[in-house]
Amino acid sequence: MAEQDTITTADLAQAMEDRAGFYQFMSYVLLHEFTAEQIAQLKLLGELDSDSAAIAQEGAAIRRYLARSGPDPRTDLAVEYARIFLSAGVYDGLTAEPYESVFTSEDHLLMQDARDEVVAIYRAWDVDIDSGLHMPEDHLGLEFEFVALLAQRTAEALRAQGESEDFTAVAGLLEAQRDFLADHILNWIDQLIAKVEEFAQLPLYPALMRFARAYMVDDEQLLQEILAALA
């Protein structure tokens, strides 16, 4: 990086690890019910410092839910998770099951082009999806996990830079994340959020999904700015 840059390689590596942590958290809460520990972590998410008005707004909504969530939020959210993401009690129409193919294919079916495309991308980056999960690879939780993994690899590549000024490998990782966010998450998440809002009975999951969308919009811009600085 140029000498005049005030952000160091170590700073960037830490930023990549922070990003990895966010995407890993989002991956887990879409693939599983909340644990008590993760409910506690939601407070930290709601307090995330950001210049984004959208992030601040949804962070406030998360904090409000936590302040009024009652004596057993874990059970409440487990029921909500099943209703929204597993379509418990929903028998007709497009649900909020978070598969890219369902929202991007003409007939709203599983295992369509989007799934094949993300599998090819995972393989290109030597990423193995846990076959024990028994789900199509274009589940949003798995897509978040992929971004988290590349973000962590980026942090490791930055820390391994030493005195080298060749950021080719880092740039490739950043470009892959930017493109994946644009082509395989941000392209359909608004439709998913609308369905989450339709089926939710508590405010937490809609706020969390809107928070994630706002974060990703900012993140895509951040990746572009870092790439421009490395060029």
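What follows draws every value from the coordinates through simple rules; no lab data is involved. Bear in mind that the values here come from a model prediction, so they are computed numbers and not experimental data. Note that we place each Cβ from the backbone using ideal geometry, even for glycine, and neighbour counts take in every protein chain shown.
Please identify, among Asp218, Asp179, Asp49, the residue showing maximal mean-square fluctuation in a Gaussian network model of the chain using a 10 angstrom Cα cutoff.
Result for the chain, Cα springs under 10 Å: Asp49 fluctuates most.
With the contact rule set at Cα under 8 Å and sequence spacing of 6 or more, what percent relative contact order holds for the stretch 64-218? Numbers along the way, then the final one.
Working: 119 pairs, mean separation 36.5, N = 155.
After rounding, I find 24 percent.
Compute for the chain: radius of gyration divided by Kirkwood radius, i.e. Rg/Rh, restricted to C-alpha atoms, rounded to two decimals.
Numbers: Rg = 18.3 Å, Rh = 18.7 Å.
Value, to two decimals: 0.98.
Of Ala82, Ala231, Leu30, which is farthest towards the positive pole of the chain's charge dipole, taken about the Cα centre with +1 and -1 on the beta-carbons of Lys, Arg and Asp, Glu respectively?
Farthest towards the positive pole: Ala82.
So what are the ³J(HN,Hα) numbers for the stretch 134-147, from phi and the Karplus equation (6.51, -1.76, 1.60; θ = phi - 60°), rounded to whole Hz, Gly and Pro as x?
6, 8, x, 6, 9, 5, 4, x, 6, 5, 4, 4, 4, 4
Enumerate the amide H contacts of Leu202 below 5 Å, restricted to partners 5 or more residues apart or on another chain; note that Pro and chain-start residues carry no placed amide H.
none
Once both axes come from the Cα atoms, what is the angle between helix 189-199 and the longest principal axis of the chain, in degrees from 0 to 90, rounded to 10?
20
Divide by every residue of the chain the summed helix terms, -39500 (n - 2.57) for each DSSP H run of at least 4, and state the resulting mean residue ellipticity at 222 nm, rounded to the nearest 500 deg cm²/dmol. The partial results should precede the final answer.
Details: 10 runs with 154 residues, N = 231.
One gets -22000 deg cm²/dmol as the mean residue ellipticity at 222 nm.
Which is farthest toward the positive dipole end of the chain among Phe146, Thr104, Gln201, measuring Cα position about the Cα centre, with Cβ charges +1 (Lys, Arg) and -1 (Asp, Glu)?
Gln201
Once both labels are modelled 7 Å past Cα along the beta-carbon direction, what's the His134-Val217 spacing in nm?
Going by the 7 Å Cα→Cβ label model, 3.9 nm.
Find, to one decimal place in angstroms, the Kirkwood hydrodynamic radius of the stretch 1-121, where the mean of 1/r is taken over every pair of different Cα atoms and then inverted. Don't jump to the answer; show the numbers that get you there.
Numbers: mean 1/r = 0.0568 Å⁻¹.
For the stretch 1-121, inverting the mean 1/r across all distinct Cα pairs yields 17.6 Å.
What distance in nm separates the two pseudo spin-label positions at Asp183 and Glu156, each 7 Å out from Cα along the beta-carbon direction?
Roughly 2.3 nm, to one decimal.
Roughly how far apart, in whole Å, are the Cα centres of the stretch 32-73 and the stretch 155-231?
The distance from the Cα centre of the stretch 32-73 to that of the stretch 155-231 comes to 20 Å.
Determine, from the Cβ-Cβ distance of Ala229 and Glu37 and an R0 of 35 Å, the FRET efficiency 1/(1 + (r/R0)^6), rounded to the nearest 0.05. Could the numbers behind the result be given before it?
Values: r = 36 Å, r/R0 = 1.04.
The computed FRET efficiency comes out at 0.45.
For the chain, the longest stretch holding no GluC sites (Glu not before Pro) located in a DSSP loop with at most 15 other Cβ atoms within 10 Å is which?
Values: sites that count: Glu3, Glu47, Glu106, Glu163, Glu165.
It works out to 166-231.
Explain nothing, just the number: dipole magnitude of the stretch 99-231 about its Cα centre with +1 on each Lys and Arg Cβ and -1 on each Asp and Glu Cβ, in debye rounded to the nearest 20.
Working: 8 positive and 27 negative charges, 80 e Å.
Charge dipole of the stretch 99-231: 380 debye, to the nearest 20.
With θ set to phi - 60° and the Karplus curve 6.51 cos²θ - 1.76 cosθ + 1.60, what are the ³J(HN,Hα) couplings of the stretch 165-177 in order, to the nearest whole Hz, using x for Gly and Pro?
Here the 3J(HN,Hα) series is 9, 8, 9, 4, 5, 4, 4, x, 5, 5, 4, 4, 5 Hz.
Place a +1 charge on the Cβ of each Lys and Arg in the stretch 190-231 and a -1 charge on the Cβ of each Asp and Glu, then give the dipole magnitude about the Cα centre in debye, rounded to the nearest 20.
On the way: 3 positive and 7 negative charges, 29 e Å.
Value, rounded to 20: 140 debye.
Quick one: the Cα spread of the stretch 79-168 along its three principal axes, in angstroms, biggest first?
Projected onto the principal axes, the Cα atoms of the stretch 79-168 cover 59, 29, 22 Å.
Mind checking the dipole of the chain: about its Cα centre, +1 per Lys or Arg Cβ, -1 per Asp or Glu Cβ, Debye to the nearest 20? If you can, show how the numbers build up before the last one.
Working: 15 positive and 43 negative charges, 200 e Å.
I would put it at about 960 debye.
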